[in-house]
Structures are given as structure tokens and as C-alpha cells.
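Following: one structure in C-alpha cells, then a few remarks.
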Amino acid sequence: LEKVPPLVFIAAVALIAYLIQRTWQIVALVLICLLFVLNQGLWEPTVETIVLVVYSTAVSLLVGIPVGVICARRPRLYTAISPLLDMMQVIPTFVYLIPALALFGLGMVPGVVATFIFAVSLPIRTTYVGISEVNKALVEAGESFGCTNWQLLMKVRIPAALPTIMIGVNQTIMLCLSMVVIAALVGAPGLGVSVLRGLAQMNIGLGIESGLGIVAVAIVLDRILKQRVKVRAKKSS
């Protein structure tokens, strides 16, 4: 992605925003945020931050959503792992860096691992809650039409729980983005490195610019997905 010209990358993101949102207000906001980052000379660390967030979110969702589905089918399993999920959210995030650093060394990988451990509990919980609260009448209607367990899951439970699951996806992205600065302590690249450099050098301008860059990335990701949640919620209602 670093080899892609910045203006081409920005245009592609704006196009994706329009295809998802179908509103020019969100597209304009995305353009303003990304052009601001480019103007501040923070483009390369911003791309590195986006890569870190995308990888961490993808791994968290690939693990969290299936585990949440299994827990919804077996409530005793969720009861058993619920204390573990609470512990993963309560333990200070700096603690995750120690074993990740010892196992994988400096770089992107320990940052992704620590971010995954910090964020994976959220998609598990939201998926479990969304599927567990599906209207029983919908499930009974599917059963009356002879649906198998797999068909009930894919065609009834998950579509009905999709608004809640998408909220979990959105918040997982925000949690992963909140770990950017902390992951920089173990050598993960991105805007967090600039924030730490500004802190070490007492460079207020660099710290504020990098912080605003993180805010810009958060606004872009949140606006693109948050409106999608609302649209899907309206369709399901």
C-alpha cells in the first residue's frame, strides 16, 4: 500500500465510502480527513497504522465471531469462558506486550498479537448476545419449514443478529485503533511511533499532529461503518 500514490489511495477509499454509504457528506468527510493527513506529512505512518488495524481486526473477527456463534449454541461454554473474557478486558494492555515481545521480538507481529488479545473478547460477546436474542418466533418459523441447524444459523439467526454483530465489528476496529500507540512500544510501525517520539523529545507539535492523524483515521473508519450499521438495522426492522 505504501507504493500506491497517496491521491490514488484516497480516491479509492472515497469510492468505497460512497459505495457503502451512498451519501456525499460521508465521502467529503473521508476526503478531508485523508487529505489532512497527507498535508501534515504523515501519510506513510498512517498507511502502516491502517495495515496494523486491518490485520488485528481481521484476526479478531475470524476468531471472535465463530466462537460467539458456538457460545450461542452452547450457553454453558459461554458461562465457562466469560471470566476469561472479563480478565482479558480488565488486565492492563501493557501486560500483553511482555509475552508478545518475548515470543515474537520487536516489530509488527507482537503489536498485532497484543491488539488481538485486547480486542477479541468484544466480537465474541456481541455475536453471542445478537444470536441469543433472536426472536424465537423466527427460529420456530424456520424449524416449521424444515430448516436444518445450519440453515437456521445462516438464513435466520445470523441475518437477524447482523445489526448487533456489525456494531461489534465497528467497535472492534476502534479498540484496535486505540492500541496503536501502545503497540508502538514494541516496535510496531505507524502513527504511534510519532506520538512516542513527540513524547520523548517533548515535541508538542509532533505529538498533536500525530494524535490528530489517529483521530482522522478513526473518523474515517467509524463513519464508513457506523452508517452501514444503521442502514442494515433499518432493513432488518
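For the reader, a short list of remarks on this structure follows.
- Filtering the range 202-226 to residues that are without any contact (Cβ under 8 Å) to a residue 24 or more places away in the chain and either more than 15 Å from the chain's Cα centre (by Cα) or at positive phi (or both) leaves Met202, Asn203, Ile204, Gly205, Leu206, Gly207, Ile208, Gly211.
- Matching residues, the range 118-163, being in contact (Cβ under 8 Å) with a residue 24 or more places away in the chain, open to solvent by 50 Å² or more (accessible area, probe 1.4 Å), in a helix (DSSP H, G or I) and over 16 Å from Pro75 (Cα atoms): Pro159
- Note on the range 73-95: residues that are among the aromatic types (Phe, Trp, Tyr), open to solvent by less than 80 Å² (accessible area, probe 1.4 Å) and under 16 Å from Ala114 (Cα atoms) amount to 0.
- Scanning the range 67-120 for residues that are over 21 Å from the mean Cα position of the chain (by Cα) and of a type in the set (Phe, Trp, Tyr) gives Tyr78, Phe104.
- Which listed residue is of a type in the set (A, V, I, L, M) and in contact with a Lys or Arg (Cβ under 7 Å, 6 or more places away or on another chain), from Ile98, Ile131: Ile131
- Unique residue being touching a residue at least 24 places away in the same chain (Cβ under 8 Å) and open to solvent by 40 Å² or more (accessible area, probe 1.4 Å) when the list is Leu191, Leu177, Leu185, Leu199: Leu185
- Selection from the range 52-67 of residues that are buried (at least 17 other Cβ atoms within 10 Å of the Cβ) and either under 18 Å from Pro189 (Cβ atoms) or touching a strand residue (DSSP E or B) at 6+ places or on another chain (Cβ under 7 Å) (or both): Leu52, Val53, Tyr55, Ser56, Thr57, Val59
The values are calculated or read from the model by the stated rules, or taken from the named source; none is laboratory data. All figures in this text were calculated on a predicted structure; none of them were measured in a lab. No Cβ is skipped: glycine too gets one built from the backbone with ideal geometry, and neighbour counts run over all protein chains shown. Only protein heavy atoms, including side chains, enter the accessible area calculation; ligands, DNA and RNA are left aside. Shrake-Rupley method; radii C 1.70, N 1.55, O 1.52, S 1.80 Å.
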